[in-house]
Structure formats: C-alpha cells, structure tokens
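Here the structure comes first, spelled out in structure tokens, and everything after it is commentary.
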Amino acid sequence: MKVLVTGGGGFVGSHLIEELLIQGNEIVCLDNFTTGKTRNLKSFEERITLIEGDILNPNDIKTALKDVESVYHLAAQISVSHSVRDPLYDASININGFINILNAILNRSVKRIVYVSTGGAIYGEPNQLPASETTLEDPISPYGLSKLVGEKYLKWFNLAHGLSYAIIRPANIFGPRQDPLGEAGVISIFLGKILEQESLEIFGNGTDTRDYVYVKDIATICTSAMGSKENDTFNAGTGKETSLNDLVSVIEKVTSYTPNIKYLPPRPGDVKKIALDINKAKSKLNWTPQTTLEEGIKHTWNWFKNTD
Ligand SMILES: NC(=O)c1ccc[n+]([C@@H]2O[C@H](COP(=O)([O-])OP(=O)(O)OC[C@H]3O[C@@H](n4cnc5c(N)ncnc54)[C@H](O)[C@@H]3O)[C@@H](O)[C@H]2O)c1
C-alpha cells in the first residue's frame, strides 16, 4: 500500500514510518522540518520518498498525494505553550493546514485517513479520570482547541463526502528522537538536562499528573486504526496517572542520577491532571500498550547516551 505520512520527519512520524516499512508499505513523507529533523529519517531514508514541503501549500500536498491510498496526518504545531503565545499560528497549521489536506484528498485515490489528535489536551480538566472518548471535550489551550476543531472538520468531511477515518487521541508520548530542546515532551527535556548535569524545572509543585505512553505503542495503534473499517475515535495511553514527582523518581532510578529540581509557577494552558481510558482501543482495535514507563525511559536514556 502507498501511504502518505505528513509530519513524518518528526518524533512520532519517524517511528510510524519505521512501523509502516516493517509492515511492507511504500512511504511518502511530507514535512517542512520546522520541528522535524532529517536525521530522524537517516536509518531508512533510501527506502522512502521524502517531499520537503508545507501543508499550507496545496501544490506540495498534490505532489505528495500522487497514487497514495491512505494518509496518516501528524504534521502540526504541537506545543501547548507556543499555542498560548501565538494562537493564530497554531490555528493556521493545525486547522487550515489540515483542511488543505482534507480538500486535496477528495477525488483522489485515498481510501482512508488516520488523524493524530490529542488526548492530553482535548478533555481539559475532566471531573473523572481516566477520561474516556465520551468525556466532554473542553480544552483549556489553543492547541487543544485547534486539534478538536480538526476532529470536527474530519467528521464533516466524512458526513459530506464519505471520507473514511479514524481519530487517535494520544496521551503524553515519549521515546527516542523526541526533541529535548522543545517545549513538549517532559521526559526528553529531563533526560537532556540530566545528560548536561543541569537542574530540572517543574512547573507547579510536581503533583500534576500525565499518562505517559511509549512512541512505538502509538505507531502500532495508528496502523491498527488504519486497518479497521470503523469511522471512530480512540484514546491511546496507558490509563495510569503519573505525577511529575513520581516521574522524576523513575528517571533517577534509570539514570542513577539525582538531579537538582527547580519548582516554577504553573504555566497557562497546562492541565493539572490527565489519564486516558483505553478500553475502546483494547476491545475494538485489539491494541494494548506493550512498554512500561520504566522500560520506555530505559530505551530513551540509552538512545540519549548514544546520540550526538
Ligand atoms: N508528542 C506528544 O506527546 C503528542 C501527544 C499527542 C498528540 N501528538 C500529536 O502527534 C503528532 C506528531 O507530534 P510529534 O510529537 O512527533 O511532534 P513533532 O514536532 O516532532 O512532529 C510534527 C512534524 O510536523 C512537521 N510540520 C509542522 N508544520 C508543518 C507544515 N506546515 N507543513 C509540513 N510539516 C509540518 C514538523 O516539521 C514535524 O516534523 C502531532 O500531530 C501532535 O499534535 C503528540
């Protein structure tokens, strides 16, 4: 199957491409490398078609879509704090860029799209955790809002044009290749600081919780969702809440290093607590995450130590 991965030069996209190659697909990657990196593609670059282009440019999309049968849409502005500072930029990529992709898909060979949304930011501060797919979507950041609007457009394209889709709502993804200098991805940021023997910064008092899911598990839920015929939405996490303070303890154990910690005021847009109910993905996609937090941090730490 010929497959397009938008944002394939990024952290999650590059792992998804690896999984799709293992499954025998022909890959086209569309990325403008704003946050993605060509080195993420290094180990398999000869086996894919790379189109360095922008989802805001219909011509780039047209080139990328030639003879493609399925699309994974990951290209996005992914930082909550960036979205708070510049909601218009966030919306231009996450809403307008996605509509460009959806428009371009119509009347082409594309049979199905998997849209990687967010489970960490779409529910806001739910009354009950873990949040299931039926929990009210009530984002408290422009990023959560733009991802939710993207979902609504996708459902409209299904209603109006019969486009077959699956929506994946991942929790906090972590693993090798996540940018330690970015604003998202606390595990990579902390491991990068530990490597440099710098202090870790925690926004708030460390009791905020997240649901950390390993990147390879997100790659497999995306391909499972593509294989399913249902137009549906799936949370992708572990169902477990981990506080920042507990996360630091696991990181200390894995790295055998006790970092200095600076506690800073909470950041606007960040939710206090989140974890995702994944029973739907378990029953309908036969998917369960395979990697524990500690194992995933070990893989990520090994990658950090062996990368320049
Ligand atoms: N990392 C997480 O914890 C997390 C959690 C939930 C959902 N997601 C979603 O997963 C997807 C991938 O995120 P990631 O963590 O790999 O981030 P990333 O920044 O590494 O990947 C995003 C990719 O999109 C590309 N891109 C951005 N704007 C573009 C444009 N205008 N045209 C073409 N390419 C463009 C970037 O260069 C980058 O390669 C995103 O849609 C994100 O919202 C990520």
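Observations on the model:
- Where A219 falls short, out of the listed (1) open to solvent by less than 10 Å² (accessible area, probe 1.4 Å); (2) more than 23 Å from V71 (Cα to Cα): (2)
- F98 falls short of the stated requirement of being within 11 Å of the ligand (Cβ to nearest atom), of a type in the set (F, W, Y), in a loop (DSSP other than H, G, I, E, B) and under 21 Å from I173 (Cβ atoms).
- Looking only at segment 102-154, and only at residues there that are more than 14 Å from the ligand (Cβ to nearest atom) and among the small types (G, A, S), the one that is most open to solvent (accessible area, probe 1.4 Å): S109
- Residues considered: D31, D67. Of these, the only one that is of a type in the set (D, E, K, R) and surrounded by 14 or more Cβ atoms within 10 Å (Cβ to Cβ) is D31.
- Qualifying residue in segment 1-9 (condition: more than 13 Å from the ligand (Cβ to nearest atom), more than 15 Å from the chain's Cα centre (by Cα), at pLDDT below 95 and in a helix (DSSP H, G or I)): no
- Every residue from segment 273-294 that is open to solvent by 70 Å² or more (accessible area, probe 1.4 Å) and either modelled with pLDDT under 95 or assigned to a helix (DSSP H, G or I) (or both): N279, K282, S283, K284
- Here is the figure for segment 34-56: residues that are surrounded by fewer than 16 Cβ atoms within 10 Å (Cβ to Cβ), more than 8 Å from the ligand (Cβ to nearest atom) and either hydroxyl-bearing (S, T, Y) or within 19 Å of the chain's Cα centre (by Cα) (or both) total 4.
- Taken over segment 253-271, the residue count meeting the criterion of being part of a loop (DSSP other than H, G, I, E, B), under 17 Å from T300 (Cα atoms) and in contact (Cβ under 8 Å) with a residue 12 or more places away in the chain is 1.
- Scanning segment 253-263 for residues being at negative phi and open to solvent by 60 Å² or more (accessible area, probe 1.4 Å) gives a total of 6.
- Residue match in segment 238-261 (condition: touching a Pro at 6+ places or on another chain (Cβ under 9 Å), under 23 Å from N306 (Cα atoms) and among the acidic types (D, E)): yes
- Check on S224, under 30 Å from K2 (Cβ atoms), of a type in the set (G, A, S) and not in a loop (DSSP other than H, G, I, E, B): yes
- Residues that are within 18 Å of E294 (Cα to Cα) and more than 12 Å from the ligand (Cβ to nearest atom), drawn from segment 162-175: none
- Verdict on I202 being part of a strand (DSSP E or B), open to solvent by less than 10 Å² (accessible area, probe 1.4 Å) and over 30 Å from L106 (Cβ atoms): yes
- Residue list for segment 155-188, filter: buried (at least 19 other Cβ atoms within 10 Å of the Cβ), over 23 Å from L285 (Cα atoms) and of a type in the set (A, V, I, L, M): A184, V186, I187
- Conditions (1) more than 18 Å from Q77 (Cβ to Cβ); (2) within 11 Å of the ligand (Cβ to nearest atom); (3) in contact with a Lys or Arg (Cβ under 7 Å, 6 or more places away or on another chain); (4) not hydroxyl-bearing (S, T, Y): number failed by L21: (2)
- Residue within segment 40-48 that is outside any strand (DSSP E or B), within 20 Å of S164 (Cβ to Cβ) and without any contact (Cβ under 8 Å) to a residue 60 or more places away in the chain present: no
The values are calculated or read from the model by the stated rules, or taken from the named source; none is laboratory data. Please read these numbers as outputs of a predicted model, since none were measured by experiment. Cβ: placed from backbone, ideal geometry, glycine included. Neighbour counts: every protein chain shown. For the accessible areas, the whole protein counts, side chains as well, though only heavy atoms, and no ligand, DNA or RNA atoms are used. Shrake-Rupley method; radii C 1.70, N 1.55, O 1.52, S 1.80 Å.
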